[in-house]
Amino acid sequence: MVLLTDIPAATTSGGTSSSDSSTKKKEQQHGSAGGYIGTEHAAGVSSSSTMTRNTCITFENDIENMISQTDQVFITMPAKAAGTSLKHFVSTCTNFDFQYQYDNFINKPAKERTFLTSTYKMPKVIAFHANNHEGVSDLVRDMTDKSLLVYIHRHENDRLLSAITYIVHGRLCAGVTFGIDASIANMANETTCIVQEDGLVDKIIASRKMEILYGQTSILTCNMYESIKANSPNMIIVNYKQVDRLQATIAKKYCPDLAPQKDNISLEQKVNAFVKLANTGGLVPIEEWVKEKRNHLEWTLKLKAKGSCQAETKRMENDLFSCTDESIIPMFASGVIH
């Protein structure tokens with residue numbers, strides 16, 4: 001398999017120091033003598049429709065232009081990257097149910113066929129969580145030139161901690177235990193939930209249950225990057241922290257009276273969740289436990305063993321997080337809506 005390591009250096013550098021990061025971002029936004037692709041060469045007006053490097057873009061100039069020119073917007077993301085909020089927003093904006101009836105249907109080919117004839121007027125914006133690279137790679141291959149794919153990205157370590165915390169609060173301690181071992185948690189009283197540390201580590205995290213599975217190593221694979229290279233889709237990648245701005249930009253065209261939607265279980269937690277430590281029996285809040293373990297979970301449990309092309313993802317992240325609006329057209333994708 002041909003990898004992307006032979007491509008010229010990306011727009012930004014992962015080695016940027018804190019002292020010059022502001023200057024670097026300005027150069028990326030406005031262009032520089034060093035060859036950065038500025039916004040004047042991004043959406044809609046690029047001299048070349050295919051990007052040879054990850055290219056910084058802005059909401060005001062580029063993303064708004066791309067959305068205004070496209071006939072169809074697809075939005076996808078891993079678990080715990082603002083997907084629930086986006087699906088709520090898109091369902092309200094388009095008056096089509098992407099939260100329940102057609103929840104994450106792109107991961108189910110039979111459901112895609114049903115979607116086609118479920119309504120005469122098709123929703124102009126579609127949002128879904130991606131379970132793996134397959135559904136997204138198929139979309140990259142098959143979407144029309146008048147369509148735009150928006151991939152919402154979250155750094156995997158941060159996403160992992162959020163997934164673990166969600167599984168504890170939103171599943172184990174809430175009694176929603178389909179697909180996971182409920183015996184590792186018990187309610188000490190109405191407001192206190194205790195999770196056994198060994199059970200959490202072995203039966204949830206190491207086993208990559210539920211939201212833990214649906215992340216970087218399942219989606220941003222060599223196959224995914226090869227699909228982008230082979231098909232040059234109209235595609236952008238946006239940091240999940242910019243989702244409110246993305247919603248506002250989409251709303252401007254499709255539902256101008258709709259405000260950004262936020263759905264977050266952390267705002268509704270009614271139970272205090274604790275991890276019972278295996279070595280001492282002491283109790284530690286799950287939020288503190290994941291912070292303490294964050295730099296050791298992935299390597300001790302080999303959580304990235306099935307991943308591929310991680311170097312490509314790291315280069316993409318270095319560029320994405322260095323851009324002013326934390327948004328890029330990825331290498332080999334197109335910046336022109338035809």
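Work out how much length H338 to D202 would gain on full extension: take 0.36 nm times their residue separation and subtract the Cα-Cα distance, in nm to one decimal.
Details: separation 136, 0.36 × 136 = 48.96 nm, distance 4.98 nm.
Roughly 44.0 nm would be gained on extension.
Report, by chain and number, residues whose modeled amide H sits under 5 Å from the one on V73, excluding near sequence neighbours (fewer than 5 apart, same chain).
Under 5 Å from the amide H of V73: V125, I126, L148.
How about segment 84-115: which chymotrypsin sites (Phe, Trp or Tyr not before Pro) there lie in a loop by DSSP and see at most 13 other Cβ atoms within 10 Å?
Taking segment 84-115 and a limit of 13 other Cβ atoms within 10 Å, the loop chymotrypsin sites (Phe, Trp or Tyr not before Pro) found are Y100.
In whole angstrom, note down how far apart the Cα centers of segment 60-101 and segment 269-328 are.
Cα centroid of segment 60-101 versus Cα centroid of segment 269-328: 26 Å apart.
According to the square roots a ≥ b ≥ c of the eigenvalues of the Cα gyration tensor, what is the shape class of segment 79-130, taking rounded for a/c under 1.5, prolate for a/b larger than b/c otherwise, and oblate for the remainder?
On the way: a/c = 2.48, a/b = 1.26, b/c = 1.97.
Since a/c reaches 1.5 but b/c is at least a/b, the shape of segment 79-130 is classed as oblate.
In nm, to one decimal, how far is the modelled label at L258 from the one at R141, with both set 7 Å along Cα→Cβ?
In this crude spin-label approximation the distance works out to 3.1 nm.
So with the 1.4 Å probe, I'd like the accessible area per residue for segment 147-292, rounded to whole Å². Each step should come with its number before you reach the end.
On the way: 6510 Å² over 146 residues.
For segment 147-292, the solvent-accessible area averages 45 Å² per residue.
DSSP loop (so not H, G, I, E, B), at most 10 other Cβ within 10 Å: list which trypsin sites (Lys or Arg not before Pro) in segment 74-137 pass both filters. Intermediate values should be presented prior to the final figure.
Working: sites: K80, K87, K111, R113, K121, K124; in loops: K80, K121, K124.
For trypsin sites (Lys or Arg not before Pro) across segment 74-137 that sit outside H, G, I, E and B with at most 10 neighbouring Cβ atoms in 10 Å, the list reads K121.
Considering amide H positions built from the backbone, and no H for Pro or chain starts, which residues 5 or more places from R53, or on another chain, come under 5 Å of its amide H?
F332
Go ahead and run the numbers for FRET between R113 and R294, Cβ-Cβ distance against an R0 of 30 Å, rounding to 0.05. Could the numbers behind the result be given before it?
Working: r = 42 Å, r/R0 = 1.38.
Once rounded, the FRET efficiency stands at 0.10.
The values are calculated or read from the model by the stated rules, or taken from the named source; none is laboratory data. All values reported here derive from a predicted model rather than from experimental measurement. A quick note on method: Cβ atoms are made from the backbone with ideal geometry, for glycine too, and the neighbour counts reach across all protein chains shown. Ligands, DNA and RNA are stripped out before the accessible areas are found, and what is left, the full protein with its side chains, is counted by its heavy atoms. Shrake-Rupley method; radii C 1.70, N 1.55, O 1.52, S 1.80 Å.
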